[in-house]
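The structure appears below as structure tokens.
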Amino acid sequence: MRTAIVGGGVVGLACAFELARRGAEVTLFEREQPGAGASTVAAGMLAPSSELEKTPQVLVDLQLDSLRRYPDFVAAVEAAGGQPCGYRDEGTLWVSRHRDDELELDHLCAIQQDRGMPARRLSGRDVRQIEPYVSPRAVGGLLVERDTQVDPRRLVPALRAACEASGVEIRAQTVVRAIEPRRGTLSLTIESDAGASQFETDQALLASGVWLEDCIVTPLPTLGMRPIKGQIVHLRGQPLADRVLRNSDIYLVPRADGELLLGATEEEQGFDLTASAGGTLDLLRYAFEVLPGIYDLDLTEIDVGLRPAFSDHMPVIGPTNVDGVFIAAGHYRGGILLAPGTAHWMAELMINGQAIDHLAPFGYERLLQNQEAPA
Ligand SMILES: Cc1cc2nc3c(=O)[nH]c(=O)nc-3n(C[C@H](O)[C@H](O)[C@H](O)COP(=O)(O)OP(=O)(O)OC[C@H]3O[C@@H](n4cnc5c(N)ncnc54)[C@H](O)[C@@H]3O)c2cc1C
């Protein structure tokens, strides 16, 4: 079965790898280089327990399913392509600064325990025993050992290598301008330095992130994809933490190579990718409250990415009303976490025609119901 994938972010690459492993003939089109979109900006936290209250149960189930798949997924990617994904399993330590934070952590702990997710409340002293550089003003904490993380700037090249080793043809700097059904197949209009041409395929998967409906013509209805801007600050220097630290304002993600990421803003600014003084100031200020030692680190980078979001903040993963055309997009704040699960269920659907029931909550029909009928 010839399969074209539009988009070389973590979602497109993970799907390409899974489809190729199951025998599909896969060509992936990426208008820049794989990872040029949100995927290499992401912090890479694999932490479904952190935003439980705001997340519908069907999405939590998919997140947990994907989290369970992560160790095997990483092992398969590393074995196929020979490059490390930067997977770590030290967990998340929530740090409270005052009474408000303490009450919030009590609440978070209770919700997690209710849903069968292990979490442990800690005193300020316990927190500093685990992470000695945390501010002496911290009054308590919550340890979520089940959370893990991956380094997206390692994962994306590792996935690319795994795809290529599994027979995926990656066409970088090639943009897909249109998808059109034609006599039982699909015709893609593609454009590269060599000019415009047609590409025939049996199936196409749109995994183009926030650009799902931007500069591409398809027979699909409009779903209202929109970008949510996120700024993230990179620091480097003496390692100050072993695990992810967070509170309701900030997360601090340590990498194995000594980098520390501070994230992230959440802004409605359209497709703007400019870093702002205000965003950086907020991140540094909140991070300083948790880990005062950041004052002496080098500020090496301020990165900006666009999270792909639909109106209900749930992804669309599944078939469309056009034969052979599928969508996996709108993963918003969780595309890195959801990649292995998305790839597994898309492969079940596109190769075996199964998983339709499993993916029903993520169908795009839900978004059309909210749209106004034409006058
Ligand atoms: C600051 C920040 C922090 C984040 N932290 C986390 C986190 O800790 N954990 C987590 O799970 N998620 C996190 N996310 C979210 C995560 O980054 C996204 O959900 C995920 O990267 C989306 O992946 P994607 O493959 O759908 O999109 P993208 O990575 O944006 O990839 C889409 C690709 O499609 C290409 N493309 C688009 N249109 C076309 C076309 N017509 N033809 C060819 N190519 C095309 C683009 O160039 C792009 O490379 C974070 C995001 C941000 C911005």
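The values are calculated or read from the model by the stated rules, or taken from the named source; none is laboratory data. Quick caveat, the model's predicted, so the values are computed rather than measured. Ideal geometry is used to build each Cβ from the backbone, glycine not excepted, and the neighbour counts take in all protein chains shown. Side chains are part of the model used for accessible areas, which takes the heavy atoms of the whole protein and leaves out ligands, DNA and RNA. Shrake-Rupley method; radii C 1.70, N 1.55, O 1.52, S 1.80 Å.
Residues in the stretch 228-247 that are open to solvent by 10 Å² or more (accessible area, probe 1.4 Å) and in contact with a strand residue (DSSP E or B) (Cβ under 7 Å, 6 or more places away or on another chain) were compared, and the one that is farthest from the ligand (Cβ to nearest atom) is GLY237.
Let's see how each residue does on (1) without any contact (Cβ under 8 Å) to a residue 60 or more places away in the chain; (2) open to solvent by less than 30 Å² (accessible area, probe 1.4 Å):
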site: LEU252; (1), (2): yes, yes
site: ASP257; (1), (2): yes, no
site: GLN269; (1), (2): yes, no
site: ASP272; (1), (2): yes, no
site: LEU281; (1), (2): yes, no
site: LEU284; (1), (2): yes, no
site: ALA287; (1), (2): yes, yes
site: VAL290; (1), (2): no, yes
site: ASP296; (1), (2): yes, no
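Counting only strands (runs of 3 or more DSSP E) that sit completely within the stretch 20-128, those holding 3 or more residues that are over 26 Å from GLN231 (Cα atoms) and of a type outside the set (Phe, Trp, Tyr) correspond to 25-29, 120-123. Of all the listed residues (ILE356, ILE336), the sole one being within 18 Å of the chain's Cα centre (by Cα) and either within 16 Å of the ligand (Cβ to nearest atom) or open to solvent by 30 Å² or more (accessible area, probe 1.4 Å) (or both) is ILE336.
Restricted to the stretch 29-50, and to residues there that are open to solvent by less than 40 Å² (accessible area, probe 1.4 Å) and of a type in the set (S, T, N, Q), the residue that is nearest to the ligand (Cβ to nearest atom) is SER39. In a residue-by-residue description of the stretch 114-126, the property of being touching a Cys at 6+ places or on another chain (Cβ under 7 Å) and closer than 20 Å to LYS54 by Cβ applies to at least one position. Does SER187 fit the bill of being open to solvent by 20 Å² or more (accessible area, probe 1.4 Å) and farther than 30 Å from LEU297 by Cβ? Answer is no for this residue. There is no residue in the stretch 310-317 that is in a helix (DSSP H, G or I), open to solvent by 30 Å² or more (accessible area, probe 1.4 Å), within 30 Å of GLY278 (Cβ to Cβ) and within 16 Å of the ligand (Cβ to nearest atom).
Conditions (1) surrounded by fewer than 16 Cβ atoms within 10 Å (Cβ to Cβ); (2) modelled with pLDDT of 95 or more; (3) within 13 Å of the ligand (Cβ to nearest atom), marked per residue:
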site: GLY12; (1), (2), (3): no, yes, yes
site: GLU18; (1), (2), (3): no, yes, no
site: PRO56; (1), (2), (3): yes, no, no
site: PRO71; (1), (2), (3): yes, yes, no
site: GLN83; (1), (2), (3): no, yes, no
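Taken across the stretch 323-332, residues that are within 30 Å of ARG137 (Cβ to Cβ) and away from the ligand (no atom under 11 Å from the Cβ) do not occur at all.
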